[in-house]
Amino acid sequence: MATATSKSFTCRVVTPAEQLLDETVNYASIPVWDGLMGVLPGRAPIVARLGIGELKLDLPDAARGVNASRSFFVNGGFMQMQGDTLIILAEDAQPAEELSESEAQAELAEAEARKVSPDSTDKAAEADRLRAARDAARWKVRLAKQSKSRGI
């Protein structure tokens, strides 16, 4: 368990395909299904459902004496904080620096062009899936632009 004097904790970002990150972090801003959640060292144990958005992690950069940050696009899954370890189990996660703005724009255009099928047996569920696809594409565009503007 993290102590009151601890200024960092371990964070792991894992998808069904790979482990994307296993680093020491000072802070995590996590998109949960109903908003954003911040996690600091010493946080009480919690499990939460992930939403769609930017996972932002502040990492200690001992070489420069400052914090560096990394961002990831995440979509669905769960997070667990237990002791001094945060585990992000994401259905989909990508480092922001690997997102292509042109690919994200194309994905957004495709998602916005899709409509609920008149033959659908569950129009509400299909509308929810389309809305989630649009939201995910919008986040990818936003994060790709941010990464590009930061020179990442």
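Assorted remarks:
- Restricted to region 43-152, the set of strands (runs of 3 or more DSSP E) holding at least 3 residues that are of a type in the set (Ser, Thr, Tyr) and open to solvent by 30 Å² or more (accessible area, probe 1.4 Å) is empty.
- Region 11-42 - residue that is within 14 Å of the chain's Cα centre (by Cα) and not in a strand (DSSP E or B) and, of those, nearest to ILE88 (Cα to Cα): THR15
The values are calculated or read from the model by the stated rules, or taken from the named source; none is laboratory data. Only a predicted model underlies this, so the values are computations on that prediction, with no experimental measurement involved. These area figures cover heavy atoms from the full protein model, side chains too; ligands, DNA and RNA do not enter into them. Shrake-Rupley method; radii C 1.70, N 1.55, O 1.52, S 1.80 Å.
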